[in-house]
Amino acid sequence: MIRQILIASLLLFRIAAFGQNQPANADWQIVAQTINPTNYFGVTVANGMIGLVSSPEPMKVKDVVLNGAFDTYGRGRVSNILKVFNFANMNLSVDGITLDAKSASNYRQTLDMQKASLTTTFDYQDKASVRHTVMALRHLPYSALTMVEITARKDCEISPMSVIETPENLKEVKNFYSEVDRPHVTLRLLTSVAKSPTGRHTVAACTSFIFEEPHGQEPNVIHEEWDYNMHLAKFKKRLKAGQTYRFSIVGSVSSSVHAPDPHNEAERLTLFAALERTDRLLMRHNAEWTKLWQSDIIIDGDPDAQRAVRSGLYHLYSFAREGQAYSLSPMGLSGLGYNGHVFWDTELWMYPPLLMLKPDMARSLLEYRFERMSIARQNAFSHGYAGVMFPWESDADGQEATPVWALTGPFQQHITACVGWAFWQYYLVTKDKEWLRTRGYPMLQEVAAFWVSRVERDGPGNYHIRNVIGANEWQENIDDNAFTNGMVKTVLQYAGQAAQEVGQTPNPDWKLVADNLPILKFPDGTTRENRTYNGEIIKQADVNLLAYPLSVITDDATIRKDLTYYAPRYAPDGPAMGWSVLSTLYARLGDTDKAYEWFVKSYKPNEVPPFGVLAETAGGTNPYFATGAGGMLQAVMNGFGGLQVSNDGITQLKAKLPKKWKSLTIKGVGPQMKTIKIQ
């Protein structure tokens, strides 16, 4: 099957000849035609390891982000994910004039979500037309491919340049250029090496041209060193009117986090990719994305919702990958937002849709937490507790990386329960008993140990969790927070179930604490957010989370009562995922009109130009907010689609669609890759 996919992809590549003027597919493509550089928010092509963020400048990339590489710099005195060498940048001169945004006309950028590539097309006067496509290669986690096609409209001389630029955060930069000669090929390597801000890490990047001409007939490549922040390799080519010239650039990046010798590793990876050649690189990249899209969501009757949902899936697939131990930041690999740290955003918002559609990818997110248990154990010890206490903001090492001025660090402790919750959800979906024995139960056991040491016991039936920050971060240092208590009750029950599944005897104290933690109520029966809450505006969902994704509150009357009370109290400038919870709950209650209204609110006001990437809040400027995408996808899958993770795996509740949706199809669900269709 895979061989057939590879062959088909190769044939398509040769027919498309770098993708010439294929008919647009609105379901898969997001086109930016009206581009204002002063109001431009780039879209990201990524492969779970490197992220390339688009630029309004011709043939440029704004940022390159490398997953897993952190150092201390910037505000807050905490670790920050590294912005690494921009090795995907290019310059182009035509008849001696270097092109820029002002000299380019008919400028158009198209994100092809199906193939995870970004294509920019433009004209330069009446002399040349350019097609530039960039992608982070899915099968080569540290490498990117750029394909260029230049068509002369008049006789002209072109000079393309492969550029490596150094961001301000890197220091002790060294630039290199070398040629590797073989009888059948000459490989030209443009390389930069530097230290991270504190000198803790070494970072390296390398690029090479891939020419289509036979060996010995390639253009002559010249190396130019501009300054320590930039150097380039370039060539010249005279074109006749009507002639089209094609070439590619492959680049790789590495760091001492990922390889002991990142300089040589970056060059070896680039040599490997260059000798694979463009058609094989593209064939394998497309084949990997074909496999990813076997799990998809198809909405018939609502093109805007289809585009938004597929964009959400595309970004989650782009920011994660299976077989590693890295997690997801709220902004994924789209930049340096939130310093690249990992929050509850992963476990409660982005992880659930990935678990249902890509369990192996979801497992990588759990492995990130498992490998950092020893630091979480030390964190619990430092705060006077047993078990593991996960940081509110976690960096590559898993240490607490919240700036000191933010009280969320030591007090937003529900994150530890959220981690345990996510581990049990994975077992429910996969029924992987060996994983539960070696990963799931050891984690749940330690999470439970933390909470039974954390709870305060004021006598029989009088247990409390005091002095925390709940999901609604605007209420600080409060007692008996609804979401915190509810998640702790849930995860302690899960720990007991997990113990029985692996043949262990549950600690009886787990059930005792779970049974005695209160969920507070107002006199009329509405759930009270915390012991001192009296109707203040809230930042995001808290009480409503007890009904979904938790099942602490299950009766429709209370769910509706809590919705009626809290929905008007959500801050208009709150984060996107809060609205998706309301959508999911109203959909499960059968009120699809309200559910659809909240669903649209969970993404539409947050879209920014020109690609409609999601900001964290309406009117925000910090895309891409992958947390919001995860919430929106849950509104579709778990709300309108009725999917639910239970003791029986992924099951389906009664589902009802919005009026304008003709059907909803969710493909590739769970390990069995089921297709679920609702009409």
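Here is how the numbers come out for the structure above:
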item	result
Meets criteria (surrounded by 23 or more Cβ atoms within 10 Å (Cβ to Cβ), under 24 Å from the mean Cα position of the chain (by Cα), within 30 Å of residue 176 (Cα to Cα) and not hydrophobic (A, V, I, L, M, F, W, C)) for residue 258	no
Flag for residue 115 being over 30 Å from residue 324 (Cα atoms), modelled with pLDDT of 95 or more and not acidic (Asp, Glu)	no
Cβ pairs under 7 Å, 6+ apart, first in the range 262-278 and part of a helix (DSSP H, G or I), second crowded, with 17+ Cβ neighbours inside 10 Å and aromatic (Phe, Trp, Tyr)	269/142
Residue in the range 433-446 that is aliphatic (A, V, I, L, M), out of contact with any Phe, Trp or Tyr (no Cβ under 7 Å at 6 or more places or on another chain) and at pLDDT 95 or above present	no
Matching residues in the range 376-387 - criterion: being aliphatic (A, V, I, L, M), crowded, with 18+ Cβ neighbours inside 10 Å and over 14 Å from residue 347 (Cβ atoms)	380
Hey, residue 644 within 16 Å of residue 309 (Cβ to Cβ) and either in a strand (DSSP E or B) or within 23 Å of the chain's Cα centre (by Cα) (or both) or not	no
Answer from 368, 314, 351 - the residue that is out of contact with any helix residue (DSSP H, G or I) (no Cβ under 6 Å at 6 or more places or on another chain), modelled with pLDDT of 95 or more, buried (at least 22 other Cβ atoms within 10 Å of the Cβ) and under 20 Å from residue 49 (Cα atoms)	314
Residue 397 being of a type in the set (Asp, Glu), out of contact with any strand residue (DSSP E or B) (no Cβ under 6 Å at 6 or more places or on another chain) and part of a loop (DSSP other than H, G, I, E, B)	yes
Any hit, the range 506-513, residues being crowded, with 16+ Cβ neighbours inside 10 Å, among the aliphatic types (A, V, I, L, M) and within 23 Å of residue 646 (Cβ to Cβ)	no
Residue in the range 599-619 that is farther than 21 Å from residue 34 by Cβ, over 20 Å from the mean Cα position of the chain (by Cα) and surrounded by 23 or more Cβ atoms within 10 Å (Cβ to Cβ) present	yes
Residue in the range 171-179 that is farther than 19 Å from residue 90 by Cα and surrounded by 16 or more Cβ atoms within 10 Å (Cβ to Cβ) present	yes
Filter pass, residue 438 being touching a Gly at 6+ places or on another chain (Cβ under 9 Å) and among the β-branched types (Val, Ile, Thr)	no
Boolean, residue 527 is modelled with pLDDT of 95 or more, buried (at least 23 other Cβ atoms within 10 Å of the Cβ), more than 18 Å from residue 631 (Cα to Cα) and touching a strand residue (DSSP E or B) at 6+ places or on another chain (Cβ under 8 Å)	yes
Criterion: of a type in the set (Val, Ile, Thr) and free of Cβ contacts under 8 Å to residues at least 40 places away in the same chain - qualifying residue of 415, 469, 375, 465	375
Condition met for residue 233 (closer than 30 Å to residue 154 by Cα, modelled with pLDDT of 95 or more, part of a loop (DSSP other than H, G, I, E, B) and not β-branched (Val, Ile, Thr))	no
Number of the exception - residue 566 against (1) in contact with a Lys or Arg (Cβ under 7 Å, 6 or more places away or on another chain); (2) assigned to a helix (DSSP H, G or I)	(1)
Which listed residue, of 103, 162, is of a type in the set (S, T, N, Q) and crowded, with 22+ Cβ neighbours inside 10 Å	162
Answer residue from the range 655-679, given it is part of a loop (DSSP other than H, G, I, E, B) and of a type in the set (Lys, Arg) and is nearest to residue 432 (Cα to Cα) among those	656
Residue in the range 565-575 that is out of contact with any helix residue (DSSP H, G or I) (no Cβ under 6 Å at 6 or more places or on another chain), surrounded by fewer than 17 Cβ atoms within 10 Å (Cβ to Cβ) and farther than 24 Å from residue 604 by Cβ present	no
Candidate set from the range 41-95 (those that are among the basic types (Lys, Arg) and part of a helix (DSSP H, G or I)); member that is surrounded by the fewest Cβ atoms within 10 Å (Cβ to Cβ)	75
Of all residues making up the range 281-308, the number that are of a type in the set (Val, Ile, Thr) and surrounded by fewer than 21 Cβ atoms within 10 Å (Cβ to Cβ)	2
Neighbours by Cβ (under 8 Å, 6+ apart or cross-chain): first from the range 640-667, without any contact (Cβ under 8 Å) to a residue 24 or more places away in the chain; second among the hydrophobic types (A, V, I, L, M, F, W, C) and assigned to a loop (DSSP other than H, G, I, E, B)	644/653
Test: residue in the range 566-580 that is small (Gly, Ala, Ser), free of Cβ contacts under 8 Å to residues at least 12 places away in the same chain and at negative phi	no
Test for residue 192: is it surrounded by 20 or more Cβ atoms within 10 Å (Cβ to Cβ) and modelled with pLDDT of 95 or more	yes
Total residues in the range 196-230, condition within 30 Å of residue 74 (Cβ to Cβ) and among the β-branched types (Val, Ile, Thr)	4
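Rundown of residues vs (1) within 26 Å of residue 424 (Cα to Cα); (2) touching a Pro at 6+ places or on another chain (Cβ under 7 Å), yes/no style:
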{"position": "485", "(1), (2)": "yes, yes"}
{"position": "502", "(1), (2)": "yes, no"}
{"position": "516", "(1), (2)": "yes, no"}
{"position": "562", "(1), (2)": "no, no"}
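Okay, residues lined up against (1) in contact (Cβ under 8 Å) with a residue 24 or more places away in the chain; (2) touching a Phe, Trp or Tyr at 6+ places or on another chain (Cβ under 8 Å); (3) of a type in the set (S, T, N, Q):
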| residue | (1), (2), (3) |
| --- | --- |
| 59 | yes, no, no |
| 63 | yes, no, no |
| 82 | yes, yes, no |
| 86 | yes, no, yes |
| 90 | yes, no, no |
| 106 | no, yes, yes |
| 110 | yes, no, yes |
| 119 | yes, no, yes |
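To keep it simple, each residue is scored yes or no on (1) within 20 Å of residue 362 (Cα to Cα); (2) crowded, with 21+ Cβ neighbours inside 10 Å; (3) in contact with a Cys (Cβ under 9 Å, 6 or more places away or on another chain).
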position: 397; (1), (2), (3): yes, no, no
position: 404; (1), (2), (3): no, no, no
position: 410; (1), (2), (3): no, no, no
position: 438; (1), (2), (3): yes, no, no
position: 444; (1), (2), (3): yes, yes, no
position: 447; (1), (2), (3): yes, yes, no
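The values are calculated or read from the model by the stated rules, or taken from the named source; none is laboratory data. The shown structure was predicted, so the numbers you read here are calculated from the model rather than taken from an experiment. Every residue, glycine as well, gets a Cβ built from its backbone with ideal geometry; the counts of neighbours run over all protein chains shown.
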